[in-house]
Amino acid sequence: MKKLFILILIATASLKVAAQQIQTTAFPQLQGFMHNASFAGIGATNFVGATYRTQWSEISGGPKTANLFGSFAMPESKMGMSALVYSDKTGPTSRTGVSISFAKHIDFGNGSVLSMGIENKFQQFRLDQEKIVAAIGADPALANAKGGLNYDAGFGISFTNKKLQVGVSVAQLLESELKNYSGAGRTEVGKLYRHYNLTGAYTIKMNDDITMIPNLLLIYLPNTPAEFNAGAQFIFKENIRIGASASKNFSINFGTTLSKNFSIDYAFDLYNNDNVLNNLTANEFMLRYHFKR
């Protein structure tokens with residue numbers, strides 16, 4: 001019961017306080033455009049794909065996130081485009097939306113590209129009143145809270161060459177407001193908070209068969225502790241991927257290329273550093289289909 005109560009507090013945190021409001025992934029190095037719009041169209045191939053993540057599976061109402069996405073280069077106009085459609089549910093809250101990003105690529109030759117991107121995001125936020133009342137009882141501040149539709153934007157810049165990729169970005173730049181409750185002479189207003197992201201990856205060719213890619217992701221929100229994720233992925237003969245990373249949780253992932261175009265990846269996360277959310281797990285699956293340029 002205690003864990004369920006904490007989960008509900010986390011799920012409704014976006015109503016009044018600054019908490020991380022953007023869904024996470026165990027594959028930040030393979031879905032860079034989720035954190036930085038300038039990565040749209042960057043990479044060796046165009047691709048479409050899907051992910052499904054269940055987090056804190058031991059708790060009823062734990063986060064469940066489904067994504068459909070794609071990233072495409074437009075070399076004639078020296079631009080890239082990416083799209084993300086998502087559904088994110090945690091306890092009594094749910095967020096569904098679409099994000100479309102456009103990036104301008106400046107080619108310096110020899111595989112070096114400077115990219116600047118803009119994200120446009122439309123999001124529908126909903127509250128399930130029955131679940132809230134069943135868990136914590138009636139709350140006048142949430143009695144008329146039903147969520148709403150809002151728009152926000154993001155900006156990113158990155159540099160990529162044959163070995164190095166580094167980028168900085170800000171998401172939810174406009175900090176759009178959401179009126180969660182209106183009545184009894186007062187209005188409770190929540191909003192989307194800015195997320196500042198730093199990403200980096202470096203490709204090391206260890207021998208003819210093995211490539212290592214150390215990577216990092218830093219997410220910062222004002223007035224909250226920064227979230228730092230560091231890891232490495234090993235690629236064997238360009239076909240088998242094995243990786244691990246650590247932040248608030250420890251994650252291991254495996255992947256393989258089933259054909260020249262189709263790949264599948266799986267990640268397992270273990271949360272073991274908090275007195276309440278302790279010994280909890282997460283599972284994430286990702287499918288991608290690659291197109292030749």
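For this structure, a couple of remarks:
- Extreme residue, modelled with the lowest pLDDT, among residues of the stretch 245-267 that are of a type outside the set (Ser, Thr, Tyr) and more than 29 Å from TYR220 (Cβ to Cβ): LYS260
- Taking the stretch 198-213 as the range and being under 17 Å from SER158 (Cβ atoms) and either within 18 Å of the chain's Cα centre (by Cα) or open to solvent by less than 60 Å² (accessible area, probe 1.4 Å) (or both) as the test, the residues that pass are LEU198, THR199, GLY200, ALA201, THR203, ILE213.
- Verdict on LYS237 being open to solvent by 60 Å² or more (accessible area, probe 1.4 Å), of a type in the set (Lys, Arg) and over 30 Å from SER60 (Cβ atoms): yes
- Which listed residue is over 25 Å from LEU114 (Cβ atoms), buried (at least 17 other Cβ atoms within 10 Å of the Cβ) and modelled with pLDDT under 95, from LEU192, LEU173, LEU216, LEU270: LEU192
- Restricting the stretch 42-86 to residues that are assigned to a loop (DSSP other than H, G, I, E, B) and at pLDDT 90 or above, the residue that is most open to solvent (accessible area, probe 1.4 Å): GLU76
- Here is the figure for the stretch 87-107: residues that are over 23 Å from GLU130 (Cα atoms) and open to solvent by 20 Å² or more (accessible area, probe 1.4 Å) total 7.
- All positions within the stretch 219-229 that are in a strand (DSSP E or B) and open to solvent by 40 Å² or more (accessible area, probe 1.4 Å): TYR220, PHE228
- Selection within the stretch 140-159 - open to solvent by 20 Å² or more (accessible area, probe 1.4 Å) and at pLDDT 95 or above: PHE155, ILE157, PHE159
- Subset tally (residues that are closer than 24 Å to MET206 by Cα and under 20 Å from the mean Cα position of the chain (by Cα)) for the stretch 243-263: 10
The values are calculated or read from the model by the stated rules, or taken from the named source; none is laboratory data. Since the structure is predicted, the reported quantities are computational estimates derived from the model, not experimental observations. A quick note on method: Cβ atoms are made from the backbone with ideal geometry, for glycine too, and the neighbour counts reach across all protein chains shown. Areas reflect the complete protein model, heavy atoms only, side chains present, ligands, DNA and RNA absent. Shrake-Rupley method; radii C 1.70, N 1.55, O 1.52, S 1.80 Å.
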